[in-house]
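The structure appears right after this line, and notes come after that.
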Amino acid sequence: MSPPDHRRTRCGAAWLDALTQRAGMDPDRLVRGRNYVRGNRVSDLEIMPGAIDALVGGSRARPFAVTVSIPVFNDSGWARLLDEVAAEVGHLAALLDGDLPAGLGAELDLRPGPGELHTSCSCPDWTDQPCEHSAAVCYLTADALDADPFALLLLRGRTKDEVLAALRDRRQPVWSAPAGMLATDAYRRALGPLPAPALPPRRPGTPARLPAEPPLASGVSTAELAELATIATRLAWELLCRPAETCAAGGSAGPGSGGPDAHERRHQLRSTGLLALEGRRILAQAGDAGLTSGRPAREPAAREPSARETASAFDEERTR
């Protein structure tokens, strides 16, 4: 497993911080372990419940065998952690998106704590643990957690499938039809009140970074796509923050709203002006480069408004 060329995720960074700040690992040895990883001297990394095994090339012909172990959670601990994940929809979404949710583990920390990290190595320094070979395995483990935060849950005792199955059980409906009840009767039954909708965030979110640059022939830069995502995020946040009854009535939702006609214009600009114009521009540039359906490149079309120009048009329309 080679060292990554990406920035640390919250999961990998939290793991490395915990090694030095909570588990007491010597920071200098962790730096030397990083050099082992960068030299591709760590192989056969395997994460399992309660342990991490790997081979590390050292001063001898045969690589040293390293095992890093931390305690797994008991059933009570897992119940508390799963209840915490199930209580916030964003927690599971972040895990599935490859990140450790902020605030997860407030009651039961997933990271190794004081006295929890134990290492063993077949090198001559086996009595002075954790050695630099163990540090290398710990550092490479951070790369594995960057790729899949469920690996940290596995280290604490549960596989990804087991975690997802437990979360599904916690989200099962609280009511089930009695034996013998007809489907029509079940359909007609009175339902309880719906829960209050979640409040929108206090500010627009930040779009995720693109994993790769767009093709040069497309004529679209990473900055343009990031700008479009930022504008879309802001507009979505504004829609969430507007009271539902105001939208339904088409009335004023703030300064410069302008009544039902203005609301309709804003809606059309949001739904067609921004995304459609930007979509046509991207497709047109892809067609100019001969990237669509294998057809030859066509003559350049008239320039479509950029994301910034479209956003400016939206702002001008909103203030009318």
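The values are calculated or read from the model by the stated rules, or taken from the named source; none is laboratory data. Just so it is clear, the structure is predicted and the values come from calculations on it, not from any experiment. Methodologically, a virtual Cβ is constructed for each residue, glycine included, from the backbone with ideal geometry; neighbour enumeration extends over all protein chains shown.
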- Query: Which fully enclosed helices (runs of 4 or more DSSP H) of segment 109-191 have 1 or more residues being out of contact with any Cys (no Cβ under 9 Å at 6 or more places or on another chain) and assigned by TED's automatic domain parsing to the domain that holds residue 36?
  - Reply: 132-147, 150-155, 160-170
- Message: Please verify whether residue 104 is out of contact with any Pro (no Cβ under 6 Å at 6 or more places or on another chain), farther than 24 Å from residue 46 by Cβ and surrounded by 15 or more Cβ atoms within 10 Å (Cβ to Cβ), treating the condition exactly as stated.
- Response: yes
- Query: Can you name the residue in segment 141-187 that is buried (at least 20 other Cβ atoms within 10 Å of the Cβ) and of a type in the set (Lys, Arg) and, of all such residues, is nearest to residue 53 (Cα to Cα)?
  - Reply: 156
- Message: Which residue is modelled with the lowest pLDDT, if the candidates are limited to segment 44-86 and must be more than 14 Å from residue 152 (Cα to Cα) and in contact with a Pro (Cβ under 7 Å, 6 or more places away or on another chain)?
- Response: 57
- Message: Here's a check for you: in segment 120-140, which residue that is in contact (Cβ under 8 Å) with a residue 60 or more places away in the chain and over 11 Å from residue 45 (Cβ atoms) is surrounded by the fewest Cβ atoms within 10 Å (Cβ to Cβ)?
- Response: 123
- Note on the structure: Scanning segment 201-219 for residues that are outside any loop (DSSP other than H, G, I, E, B) and closer than 30 Å to residue 241 by Cα gives none
- Query: Counting residues that are touching a residue at least 12 places away in the same chain (Cβ under 8 Å) and within 27 Å of residue 124 (Cβ to Cβ), which helices (runs of 4 or more DSSP H) fully inside segment 1-104 reach at least 1?
  - Reply: 10-21, 27-38
- Query: What's the number of the condition residue 14 fails, among (1) at pLDDT 85 or above; (2) crowded, with 17+ Cβ neighbours inside 10 Å; (3) touching a Lys or Arg at 6+ places or on another chain (Cβ under 7 Å)?
  - Reply: (1)
- Matching residues in segment 89-103 (under 17 Å from residue 201 (Cα atoms) and among the aliphatic types (A, V, I, L, M)) number 4
- Query: Can you find even one residue in segment 49-58 that is acidic (Asp, Glu), in the same structural domain as residue 124 (by TED's automatic domain parsing) and within 22 Å of residue 161 (Cβ to Cβ)?
  - Reply: yes
